[in-house]
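Structure record follows, encoded as structure tokens.
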Amino acid sequence: MVFPSLQPTFYQIPSWVAWQNRDIKFHLLSIHRRGGKDVTNFMQTVADAVVRGGVHYYLFPTATWAVRAIWDCRFEVDGEMKSFMDWCIPKGVEYKLNKKEYSITFPHNNAMIRLGGTDDLSFVGQGGASYTLSEFSLHKKEVTGYILPIVRQADAPLRMNGTLRGRDNHLWKLLEENIHSKDWFVQWLRPQQTKCYCWVDDEFNINPELLMRIGEKGPNGTPIFNVADDIKSGLISHAFAMQEYLNEPILASEHGYFSHEYQIAKGEGRINEKVEYDRSLPVFTFWDLGKGTAYNSTDSMICWFLQFPDSDYPSPRRVNVIDCHRSIGKDWAYYAQMLGQKGYWYGNHYAPWDIQSGKAGHGMKTNLDFARERGIEFVPVKRTPAVFNDIELMRRWFGNFHFADNREVEKGAEMIASHHEKLNKDGVGTGKPEHDESSNYVAGIRTFIRAKDLEMIAPKSERSNNFGWADKIDFSGYFN
């Protein structure tokens, strides 16, 4: 039995040396994307359990994320597909899996590893021989406050890992504070140190010597690539690449209201999810209106297409975002045609309250009137001036959103993530949301949040089977 079960890379060896030193209780490991953070920490957790016994907790920001990242994860090793556990647990070590509790038990000493999330605080008061907090920057700040008394009392190690996401999070603050502490093991690795990939374009010249080795296996066992190629192909955004692949304290949206929730959704696989249009269910649209939309708008018009798979009206929980549309300078005839060409069965169309207020071009008609003339019957949704209340509601409900694998939907999700505070000329926050393209996308979802909060969501009518007239016929006594 050998630990680690896989040969560590040169940059993972210091972490294993620190693992052997039982006097070091706090381990902070910040490595760029695909650098092997969880491989290293999970193997160390396995080693703790097998060699030292006890119950060990391996925690992500949510339990769903833990299941996806560890329990359901599969790797190809030497041409053979293996589970994460088979990959990280040495040959000859017997273990049992409990899917109901997402736990791994080692019969020889009754040691256990529990997978879970810190979102429900189920780990509090349980006691543990070690704790690992993966994707540490995305855990709630109070989590370490709950864990610290436990690890101190049990004299247990606490391991934290993650990619840096800006400076306004506890991962960066702990790294900055303890990087030179003799009582901590702190490792901050960027691609310049690991040589896992390169980023060579007009802006960056990181590891240019790897350009000649594109496709070869890197130190982490995955093919070397040029980050710039993925950006150019549209696979990832430039801002996201800077955040994830440079591992610098940069946030894709430094002042984003929903950046945290977006990262959680990415981690749980709810962005670009295989969510498709269900023809048996109605589609509901939620809009943000551009200015002057009777004939020509001077601002973005956003239309979100949502389905609620549980049909739990009027306040649905799960939200499948199947489509999104944005345009500028179009009239209501265009939008009526756009809705028709989508081919969806519509439940209802919801727009902000101001669709029925004010004049919309000429005469006394409003946008509600013009839209109705073109066959779009809107339900006006009353908004409140408390925009930050709606932002908070959106944050709470973001975990219920599942964004389809659709370029327009993906862009819409990215725009939501980038919605941010307006800054003054000195770069200081004004306390007000910035009004830009991202705010239009957010406003469309805000229409949904308000309609849901007011319990307004319901289909206007069930789809007709064209035989409804038969239900009205009274056949009593007819066949006597």
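Among the residues of the stretch 282-290, is any surrounded by 21 or more Cβ atoms within 10 Å (Cβ to Cβ) and either of a type in the set (Lys, Arg) or modelled with pLDDT under 95 (or both)?
yes
In the stretch 162-197, what residues are crowded, with 20+ Cβ neighbours inside 10 Å, hydroxyl-bearing (Ser, Thr, Tyr) and at pLDDT below 95?
Passing the criteria: only 163.
Working carefully through the options 32, 27, find the one that is at pLDDT 90 or above, more than 25 Å from residue 123 (Cα to Cα) and not polar (S, T, N, Q).
Testing whether each residue is at pLDDT 90 or above, more than 25 Å from residue 123 (Cα to Cα) and not polar (S, T, N, Q) leaves just 32.
Sort out which residues of the stretch 302-348 are of a type in the set (D, E, K, R) and closer than 18 Å to residue 374 by Cβ, and write them in order of number.
Passing the criteria: 330, 331, 342.
Among the residues of the stretch 232-247, count how many are surrounded by 14 or more Cβ atoms within 10 Å (Cβ to Cβ) and either at pLDDT 85 or above or farther than 15 Å from residue 410 by Cα (or both).
7
When you scan the stretch 425-443, do you find a residue that is modelled with pLDDT under 70 and of a type in the set (Gly, Ala, Ser), even just one?
So far as the stretch 425-443 goes, yes, one or more of its residues are modelled with pLDDT under 70 and of a type in the set (Gly, Ala, Ser).
Can you pull out the residues in the stretch 111-149 that are part of a loop (DSSP other than H, G, I, E, B) and either at pLDDT 95 or above or among the β-branched types (Val, Ile, Thr) (or both)?
118, 124, 134
How many residues does the stretch 389-434 contain that are more than 26 Å from residue 236 (Cα to Cα), of a type in the set (Asp, Glu) and touching a Gly at 6+ places or on another chain (Cβ under 7 Å)?
Counting residues in the stretch 389-434 that are more than 26 Å from residue 236 (Cα to Cα), of a type in the set (Asp, Glu) and touching a Gly at 6+ places or on another chain (Cβ under 7 Å) gives 0.
Table: residues versus (1) surrounded by 21 or more Cβ atoms within 10 Å (Cβ to Cβ); (2) basic (Lys, Arg); (3) within 29 Å of the chain's Cα centre (by Cα).
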residue	(1), (2), (3)
60	yes, no, yes
63	no, no, yes
66	yes, no, yes
146	no, no, yes
154	no, no, no
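Can you go through 236, 231 and tell me which one is in a loop (DSSP other than H, G, I, E, B), of a type in the set (A, V, I, L, M, F, W, C) and more than 30 Å from residue 452 (Cβ to Cβ)?
From the options 236, 231, the qualifying one is 236.
What number of residues within the stretch 68-101 satisfy the criterion of being surrounded by fewer than 12 Cβ atoms within 10 Å (Cβ to Cβ) and in contact (Cβ under 8 Å) with a residue 60 or more places away in the chain?
Counting residues in the stretch 68-101 that are surrounded by fewer than 12 Cβ atoms within 10 Å (Cβ to Cβ) and in contact (Cβ under 8 Å) with a residue 60 or more places away in the chain gives 2.
State all residues of the stretch 369-420 that are surrounded by fewer than 19 Cβ atoms within 10 Å (Cβ to Cβ), without any contact (Cβ under 8 Å) to a residue 40 or more places away in the chain, part of a helix (DSSP H, G or I) and not charged (D, E, K, R); if no residue qualifies, say none.
388, 389
If residue 24 passes every condition in (1) in contact with a strand residue (DSSP E or B) (Cβ under 6 Å, 6 or more places away or on another chain); (2) surrounded by 15 or more Cβ atoms within 10 Å (Cβ to Cβ); (3) within 26 Å of residue 103 (Cβ to Cβ) but one, which one does it miss?
(3)
Filter the stretch 182-203 for residues that are assigned to a loop (DSSP other than H, G, I, E, B) and without any contact (Cβ under 8 Å) to a residue 40 or more places away in the chain and give the result.
Selection gives 182, 195, 201, 202, 203.
Look through 7, 12, 44, 20 and report the one residue that is at pLDDT 90 or above and more than 29 Å from residue 153 (Cβ to Cβ).
After ruling out the rest, the residue left standing is 12.
The values are calculated or read from the model by the stated rules, or taken from the named source; none is laboratory data. The shown structure was predicted, so the numbers you read here are calculated from the model rather than taken from an experiment. Don't worry about glycine lacking a Cβ; one is built from the backbone with ideal geometry, like all the others, and counts go over all protein chains shown.
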